[in-house]
Amino acid sequence: MVFRDNREFIDALKKTGDVQEINEEIDWDMEAGAFVRLTCEKKGPSMLFNNVKDYPGFRIFGAPLATFRRYATTLGLPPEASVKDIIARWGRRRESNIKPILVSDGPCQENILEGKDVDLLSLPAPMIHEGDGGRYIGTWHAIIARDPDTNWTNWGMYRLMIHNERHMGGIIHQTSDMGTIYYQKYVPRNKPMPFAVAIGMDPLCSIAAMTHLDPEVAEVDAAGGLLEEPIELVKCITSDLLVPAFSEIVIEGDLLPDVTVMEGPFGEFTGFRTAPRVPKSVYRVKAITHRNNPILTMTNMGTPVTEAHINGAISGSWETAAFLRRKKIPVTDVFVPTYAGSYLTIVSVKTPYACMANQIADLLFDGTLPISLIVLNDDVDIFDLEEVTDALMKRCHPVNGIRVYPNQVGSPLTPFLSREERLWSKGAKVLYDCTWPVEWPKETTVPVKSSFDNIYPGDMKEKVLNKWAKWGIS
Amino acid sequence: MIKEYDTFVDSLSELVEGQEIDLACRELTPDSRKKRYKTVYVLARVSSSPDKMPGADKLWVRFSMGMLHPKPWAIKIIKELGDYKHVPVPQGKRT
């Protein structure tokens, strides 16, 4: 099953019962956001608002992928698929990238606004939370930008707040993929960076934009692999950037190198509104194009569970495992637990040599996330968080097993950082090494797991299990 | 008709009374509701005591994490200054 656009995906959700259509008028000013927040917290359906106050002809689609059911659907799995099965499906689809194809036109350009007609406030951008710095039009989208020297094109999901009719702002962290292009290529040259924002793409394109991939992988190629078909791209009106032809809304313009305007605050995926309102870069808009009866996609970042949590658990788990295996680490499995919002990564390994946990930490602590890392022997089921908690408490030496990494790159979104640390993007990380030291002799020092599976001989286990079944004990 | 705006501050001391100041504020009661929360960059006079500026518009004040100061201020906009207020930031601090 392939969803070539957002609308086919919504139709599929109608069949599985995973979307709530609302025809009563809904206010973009906090009401839509409140509904989406509530459904995220209740693990409820996504919300399709067909009647948005002040904006006849527009629709808003909220919480598109805030459950594992909907994520499974995008990958062609039954909604009831397990997290492990979804991760496995992600992995199979990620084994091959498929390059996009260029088409001459697309539904995303059925309507074109240029020049004096450009008006961001003609779009139903929601005021998502009370007290946010502005109306956030970019919460489920891709910002497309190109390296001027290598022509590498990045798709990334960076929040966007409307300042006025022609200007937006948002966080661009210096360690992000788009940040490295902007701060290292355009800002020093004092040149505006062309950008395109694609809103309401098919769900797999949005997931690809949100996912941290290796720099040599183009998100659009990965999206094609996930879709198992090439993504159809169309050239922008005002630049030669390419956007998905079936996007609902496209915003084109330049990211200014030398202007910073106050942006934020905004309730974020960390579950808090944390980052101070500070000056951020400005996007100057030159054109807006959109489909007829366009659907603005929105997420409501906050306490779990949102798209950030679900995507971290699926793509984050697989991508991290694949990365470590490419580095020849004997990884058994990786899990990025849903509720930790990518702040925690759990890795299970075979440990043929000492200090392997440190090596894993050095490899994974190269950006803002994860912040905490738990490394375990692979007799622990890392998808069972009760087992992980038990292992953390029993196997991690409070002095020898916990390693703190101060003075690391941080994120202004991180709640436990001081205001000063947030302003300078300074952070810290921690490793919990729960592996048995390799120098411990197995015969005399490594603890023996006192579990049914481990501490009884095979014939005794078989005998007891047979009687258990015979006696009908549940 | 009295209009309403809001602005964000780290501290109320940023709103200097008794003189013209430039500030970015958001329109809360625009003629078209679609323009609500649009940021305008203005030259204005503000007062923490609305009684001292009869006929002035209302200015709500939010702190930088979004919390609303309970008592509204008053604002008289003298003129608009441009599309946005550029606030310089050191390169190493940019996000």
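The values are calculated or read from the model by the stated rules, or taken from the named source; none is laboratory data. Please read these numbers as outputs of a predicted model, since none were measured by experiment. A quick note on method: Cβ atoms are made from the backbone with ideal geometry, for glycine too, and the neighbour counts reach across all protein chains shown. Ligands, DNA and RNA are stripped out before the accessible areas are found, and what is left, the full protein with its side chains, is counted by its heavy atoms. Shrake-Rupley method; radii C 1.70, N 1.55, O 1.52, S 1.80 Å.
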Remind me, what semi-axes does the range A:252-329 give for its equivalent ellipsoid, largest first in whole Å, using sqrt of 5 times each Cα gyration tensor eigenvalue? 30, 19, 18
What figure, in Å² to the nearest 10, do you get for the accessible area of A:VAL259 with a 1.4 Å probe and non-protein molecules left out? 20
Output the peptides A:338-344, A:437-443, A:115-121 sorted from most to least packed, where packing is the average of other Cβ atoms within 10 Å over each peptide's residues. A:338-344, A:115-121, A:437-443
Rounded to the nearest 10, the angle in degrees between the Cα long axis of helix A:317-326 and the longest principal axis of the Cα atoms of chain A comes to 70
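What number results when the radius of gyration of the range A:180-274, computed over Cα atoms, is divided by 2.2 N^0.38 Å?
Values: Rg = 15.5 Å, N = 95, 2.2 N^0.38 = 12.4 Å.
Working it through for the range A:180-274, the quotient is 1.24.
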Given A:SER46, A:PRO330, A:PRO457, which one lies farthest toward the positive end of the charge dipole of chain A, if we put +1 on the Cβ of every Lys and Arg and -1 on the Cβ of every Asp and Glu? A:PRO457
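Roughly how many debye, to the nearest 20, is the charge dipole of the range A:356-456 about its Cα centre, given +1 on each Lys and Arg Cβ, -1 on each Asp and Glu Cβ, and no other charges? Don't jump to the answer; show the numbers that get you there.
Values: 9 positive and 15 negative charges, 112 e Å.
Using Cβ point charges on Lys, Arg, Asp and Glu, the range A:356-456 gives about 540 debye.
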Solution diffusion estimate, µm²/s, Stokes-Einstein, the range A:273-431, Kirkwood Rh from C-alpha pairs, 37 °C, viscosity 0.692 mPa s: 185
Aspartates and glutamates near A:LYS116 by alpha-carbon distance under 20 Å, same-chain residues fewer than 8 away left out - which ones? A:GLU165, A:GLU252, A:ASP254, B:ASP31, B:GLU80, B:ASP83
Of A:GLY341, A:SER425, A:ILE128, whose Cα points farthest to the positive end of the dipole of the protein assembly as shown (charges on the beta-carbon: +1 Lys, Arg; -1 Asp, Glu; origin at the Cα centre)? A:SER425
5 Å is the cut-off here: which amide hydrogens, built 1.01 Å from N in the peptide plane, fall below it relative to A:GLU263, excluding neighbours closer than 5 in sequence? A:VAL278, A:LYS280
So what are the radius of gyration and Dmax for the Cα set of the range A:41-108, in Å? 16.6, 45
With viscosity set to 1.306 mPa s at 10 °C, what whole-number translational diffusion coefficient in µm²/s follows for the protein assembly as shown from Stokes-Einstein and a Kirkwood radius over Cα pairs? 62
Suppose a student asked you for the relative contact order of chain A, using Cα pairs under 8 Å spaced at least 6 residues apart; what percent would you report? 15
Work out the length of the dipole vector of chain B about its Cα centre, built from +1 on the beta-carbon of each Lys and Arg and -1 on the beta-carbon of each Asp and Glu, and round it to the nearest 20 debye. 360
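Summarise the long-distance tail of P(r) for the range A:77-154 by giving the % of C-alpha pairs beyond 16 Å.
Values: 2335 of 3003 pairs.
Tail of the P(r) past 16 Å holds 78 percent of the pairs.
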In order through the range A:426-434: 3J(HN,Hα) via Karplus (6.51 cos²θ - 1.76 cosθ + 1.60), integer Hz, x for Gly, Pro: 9, x, 8, 9, 9, 10, 10, 8, 9
Would you mind checking the tilt of helix A:31-41 against the longest principal axis of the Cα atoms of chain A, expressed as 0 to 90 degrees and rounded to 10? 10
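For chain B, what's the relative contact order in percent, using C-alpha pairs closer than 8 Å and at least 6 residues apart?
Details: 183 pairs, mean separation 29.0, N = 95.
Relative contact order for chain B comes out at 31 percent.
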Taking 30 Å as the cut-off for C-alpha to C-alpha distance, list the pairs among A:LYS84/A:LYS327; A:LYS14/A:LYS280; A:LYS15/A:LYS235; A:LYS185/A:LYS286; A:LYS99/A:LYS426 that go past it. A:LYS14/A:LYS280; A:LYS15/A:LYS235; A:LYS99/A:LYS426
Compute the helix-to-body angle for A:458-470: its Cα long axis versus the longest principal axis of chain A, expressed 0 to 90° and rounded to tens. 70
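Out of the chymotrypsin sites (Phe, Trp or Tyr not before Pro) in the range A:387-474, which ones are loop residues according to DSSP with at most 15 other C-beta atoms within 10 Å? Provide the component values of the computation, followed by the final result.
On the way: sites: A:PHE416, A:TRP424, A:TYR432, A:PHE452, A:TRP468, A:TRP471; in loops: A:PHE416, A:TRP471.
Those that pass, being in a loop and sparsely packed, are A:PHE416, A:TRP471.
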Could you work out how far the C-alpha centroid of the range A:423-471 sits from that of the range B:29-95, in angstrom? 60
Tell me, which residues of the range A:115-131 get at least 50 Å² less accessible area when the other protein chains come in, versus the chain alone (1.4 Å probe)? A:LEU121
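Rg to Rh ratio, the range A:376-474, alpha-carbon atoms and Kirkwood radius? Walk me through the numbers before you get to the answer.
Values: Rg = 21.0 Å, Rh = 17.4 Å.
Rg/Rh: 1.21.
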Based on the Cα atoms of the range A:83-230, what semi-axes does the equivalent ellipsoid have, where each is the square root of 5 times one gyration tensor eigenvalue, given in whole Å with the largest first? 27, 19, 17
Note: B vs A interface, total accessible area buried (1.4 Å probe; ligands, DNA, RNA excluded), nearest 100 Å², is 3400
What is the diffusion coefficient of chain B in µm²/s, taking the Kirkwood radius over Cα pairs and the Stokes-Einstein relation at 37 °C with a viscosity of 0.692 mPa s? 235
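For a distance above 18 Å, tell me the whole-number percent of Cα pairs in the range A:1-121 that qualify.
Values: 4610 of 7260 pairs.
I get 63 percent for the Cα pairs in the range A:1-121 exceeding 18 Å.
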Loop only per DSSP, at most 10 neighbouring Cβ atoms within 10 Å: give me the GluC sites (Glu not before Pro) in the range A:7-91, ordered by residue number. A:GLU24, A:GLU80
Using θ = phi - 60° and the Karplus relation 6.51 cos²θ - 1.76 cosθ + 1.60, list the HN-Hα couplings for the range A:202-218 in order, rounded to whole Hz, with x at every Gly or Pro. 4, x, 6, 5, 5, 4, 4, 5, 7, 8, 7, 10, 4, x, 7, 9, 7
